[in-house]
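**Student:** One structure is given below, represented as structure tokens, and several questions about it will come after.
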Amino acid sequence: MNPFRLVSRIVPGAALTAVADPAARGESLHGGAQQAYSVPWRVVHRGERGVIEIEHAGSAPVRAVRASLAGQGMLGLSLPRTVHPGERVRVVLRGAAAEGVMAAPDAMLVMRWFEADGTELLWPIAL
């Protein structure tokens, strides 16, 4: 039995003012030379007791968004969901081992999602 579980839910967000989508800025994700890619996420809240909110700052919906948390040799996964621009994903870690995993020196939250063209992307967030 896993001593913790990771749950996430969508939280409606405010309207976005900046464009974080590389395609909207004329950049390419694929092709010849590799370019830096601006992730369409930003951490907007880090709370006590294992709560973190990440806002989708891109210009298009992303599919199969999933958060995973690794720490102290354990792994927790949230259910995949579609997130629209301006929405927030609230990730909450619950369980007997939750505080230990969040405070572990190797703790890492990873956001995983698929762009409209099917490209899978990952964004690690150090805790």
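**Student:** With r defined as the distance between the Cβ atoms of Ala60 and Asp106 and R0 fixed at 41 Å, what FRET efficiency is calculated, to the nearest 0.05?
**Tutor:** That pair, Ala60 with Asp106, gives E of 0.80.
**Student:** What length, rounded to one decimal in nm, is gained on full extension from Gln72 through to Val43, with 0.36 nm per residue of separation minus their alpha-carbon distance?
**Tutor:** Extra length available between Gln72 and Val43 comes to 8.2 nm.
Quick note: the coordinates plus some simple rules give every number you see, no bench work behind them. Only a predicted model underlies this, so the values are computations on that prediction, with no experimental measurement involved. Methodologically, a virtual Cβ is constructed for each residue, glycine included, from the backbone with ideal geometry; neighbour enumeration extends over all protein chains shown.
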